[in-house]
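Structure record follows, encoded as structure tokens.
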Amino acid sequence: MKLRNQVISDSVIELDAKEVHTLGPNLRLENCTINSDCTTRSLIASNTEMVGGVFNQRKALKNFQFDRVIFNGVKFTGTFIGCDFGNNSESLPGKALDCDFSQAKVCDSRVFECDPERIGFPVWPRFTIVNPYLARDYVTSQAWPADMGIRMGVYTNNSPRCNAIFGDAEVFAKEYKVDRDALRPLLEKIPGMVIVD
């Protein structure tokens, strides 16, 4: 499916995994629902604006950069792993404004150039570090279980353009062989940590 040079309102857009889907350029989606089974290789998004609506990622989307998409008031559902929302460079137009991640399964994913107070944060066992670069000194000074310190170092080794990073304590518990509930008090001490029950 190729959607470009148009405004689409109040529609459901189905993106299957069978073909490459192109969103943009010059595409505006208003109060639409995107149901996506795309992989990183089957989704291209450039100079697209999505205002309101829902982006539902039914299969895990891994390592995708939404750096050329402006999301405004969008609710994200489904699974996003290692994805970037917004831009990490002034030369790219991407933004994630007033977006809601409260029903999304997000891990290792970042939000750039946003107002963190206007984000709907994901719920536990997901967690958020707001302005992670400010937590770097604390994170690098702590003793973490297994190799978790390496990952936390990566989380906080971001520029000030990164206003939030999402992690998943369930993923951490499995990878580092630590009880999920034992992780929570360690995470809660990190500056800028947000945990929503």
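Would you look at the GNM of the chain, springs on alpha carbons closer than 10 Å, and say which of Lys18, Lys62, Lys75 moves the most? Answer for the Gaussian network model of the chain: Lys18. Using the alpha carbons alone, the radius of gyration of the range 64-109 stands to its Kirkwood radius in an Rg to Rh ratio of 0.96.
Only counting other Cβ atoms within 10 Å, I'd like Asp115, Asp108 sorted with the fewest neighbours first.
Going from sparsest to densest Cβ surroundings: Asp115, Asp108.
Can you tell me how much longer the chain between Ser141 and Val20 gets when fully stretched, taken as 0.36 nm per residue apart minus their C-alpha distance, in nm with one decimal? Numbers along the way, then the final one.
Working: separation 121, 0.36 × 121 = 43.56 nm, distance 4.47 nm.
Difference between extended and current length: 39.1 nm.
Assuming 0.36 nm per residue, please report the length gained on full extension of the stretch Asn131 to Asn157 beyond their Cα-Cα distance.
On the way: separation 26, 0.36 × 26 = 9.36 nm, distance 1.05 nm.
Roughly 8.3 nm would be gained on extension.
Centre-to-centre, using Cα atoms only, the range 1-71 and the range 92-134 are separated by 19 Å.
With only the Cα atoms considered, the range 122-197 has a convex hull volume of 74 Å³ per residue. Taking label points 7 Å from Cα along the Cα-to-Cβ direction, Ser89 and Asn31 give a separation of 3.6 nm.
Please rank Ser91, Ser159, fewest neighbouring Cβ atoms within 10 Å first, as an exposure proxy. Intermediate results must be reported in sequence, preceding the final value.
Numbers: Ser91 6, Ser159 10.
In order of increasing Cβ crowding within 10 Å: Ser91, Ser159.
Average projection, convex hull of the Cα set of the range 1-144: 9.0 square nanometres. Considering only alpha-carbon pairs that sit under 8 angstrom and 6 or more positions apart, the relative contact order computed for the range 1-58 is 36 percent.
Percent antiparallel among DSSP beta bridges with both residues in the chain, to the nearest 5?
On the way: 11 of 57 bridges.
Just about 20 percent of them are antiparallel.
Where a number appears in this text, it was derived from the coordinates with a stated rule and is not lab data. Small disclaimer: the values here were computed from a predicted structure and weren't measured. Please note: Cβ atoms are built from the backbone with ideal geometry, for glycine as well, and neighbour counts cover all protein chains shown.
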